[in-house]
Every structure is written in structure tokens, then in C-alpha cells.
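Written below as C-alpha cells is the structure these notes are about.
The values are calculated or read from the model by the stated rules, or taken from the named source; none is laboratory data. Everything numeric in this text was worked out from a predicted model, so none of it was measured. For neighbour counting, all protein chains shown are included, and Cβ atoms are generated from backbone atoms with ideal geometry for every residue, glycine included. The accessibility values were calculated without ligands, DNA or RNA, using every heavy atom of the protein model including side chains. Shrake-Rupley method; radii C 1.70, N 1.55, O 1.52, S 1.80 Å.
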Amino acid sequence: MERQNLVTSNVAVYLLLFYFQNFSKYCACKKGGTIMSKPVSNVEHYGYTEAEEKVFHKYAIRMLIGFSLLYIFFYNGRQNMNLAIPLMIEDFQVTKADMGIVTSALFWCYGFGHLFSGRLGEIIGTKRFIFWGVVLSALLNFIISFQTSLIVIAILWGINGFAQSMAWSP
């Protein structure tokens, strides 16, 4: 599991580095440099004017940063239980198997939620659907922190799994 988290975080870092490396090449080209021996006058704008392309790149960076932050918060909303499991086992006097049932509730509901979230996102609207997924997940994580019943925590954690699926299916 630790290796998978490391791989996931490395992929995100590589994507960010790839984007900014190519963006710096683009900026160098705009300042009179060349990309792959092409003079600046031959750089294609893919149907956009220079002004439209500048606006596009400004918003592309904002979207990249915004979605990166969104993913960080969603990821933490799924993985934060792993840090609390040893303390919960001690406080609730339960076994690791009991905690395994609680943690599996999120992943089963997350997987099952993908079956419905895609279509619901189309009906409700992608932006609104993802927004409510973020809000619901944050509220559930907050509410879970005050619970004292393992059954209630498992149910809320499962609903959190469905809320998590609301971000990626639409």
C-alpha cells in the first residue's frame, strides 16, 4: 500500500514537472528562442490568436493547480483513516478485523458509487456534482471525528466513499 501511494504521488510530480518544462519551452519560444530548431514565426497557435493563446495558458495553469489541490484534499479524505486506525483499535477495544470492515466500507462504496456517479453527473451537471462531492466528503470527515460508535463510523465512512466517487466519474 505504501508503494502504491508513493507511485501515485510520483506520477503527480512527473505530470507537474512535464507541464512546467513544456511551458518554459513555450515561454522561451515567445521571447525569441526556438523549439526544435523552429523559428518563432513558424510556431503554430492551433487556430488561436496570440492573445487567445496567452489567456488559454493563464487559465490552464490555474486549472492545473486547482485540480491538483482538489485531488490532494480528496486523497486525504480517503486515506486519513489509516492514521487513526491504531488509536481507534485501542480506544474502541476492537480487533483489526473490525477496523478492516470499517475501512473496506469506503472502498466498496467508492467502487459501487462509480456505477451511478457518471450518469448522475451528466444529469445534475459536472461542476455542481463535483462541488457537492467535495462538500459532502468534507462534512462526513468532520462528523466522523466526533463519533463513538464503530457502526456509525462504518456507515458514514461508506457514504464518504460514495462522495469520493462523485469527483471522478462525471
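Could you grab the pairs with beta carbons closer than 8 Å, sequence gap of 6+ or different chains, first residue in the range 86-109 and free of Cβ contacts under 8 Å to residues at least 40 places away in the same chain and over 20 Å from residue 161 (Cβ atoms), second one of a type in the set (D, E, K, R) and open to solvent by 80 Å² or more (accessible area, probe 1.4 Å)?
Within 8 Å, the pairs are 89/96.
Look at residue 67 and say whether it is open to solvent by 100 Å² or more (accessible area, probe 1.4 Å) and either out of contact with any Leu (no Cβ under 8 Å at 6 or more places or on another chain) or of a type outside the set (Gly, Ala, Ser) (or both).
Judged against the criteria, residue 67 is a match.
Mind checking which residues of the range 46-89 are modelled with pLDDT of 90 or more and on the phi > 0 side of the Ramachandran plot?
none
Inside the range 46-82, can you point out the residues that are hydrophobic (A, V, I, L, M, F, W, C) and under 19 Å from the mean Cα position of the chain (by Cα)?
60, 61, 63, 64, 65, 67, 69, 70, 72, 73, 74, 81, listed by residue number.
Please list, ordered by first then second residue, the pairs with beta carbon atoms under 6 Å, 6 or more apart or interchain, first in the range 59-78 and assigned to a helix (DSSP H, G or I), second surrounded by 12 or more Cβ atoms within 10 Å (Cβ to Cβ) and hydrophobic (A, V, I, L, M, F, W, C).
Every condition considered, the pairs that remain are 74/167.
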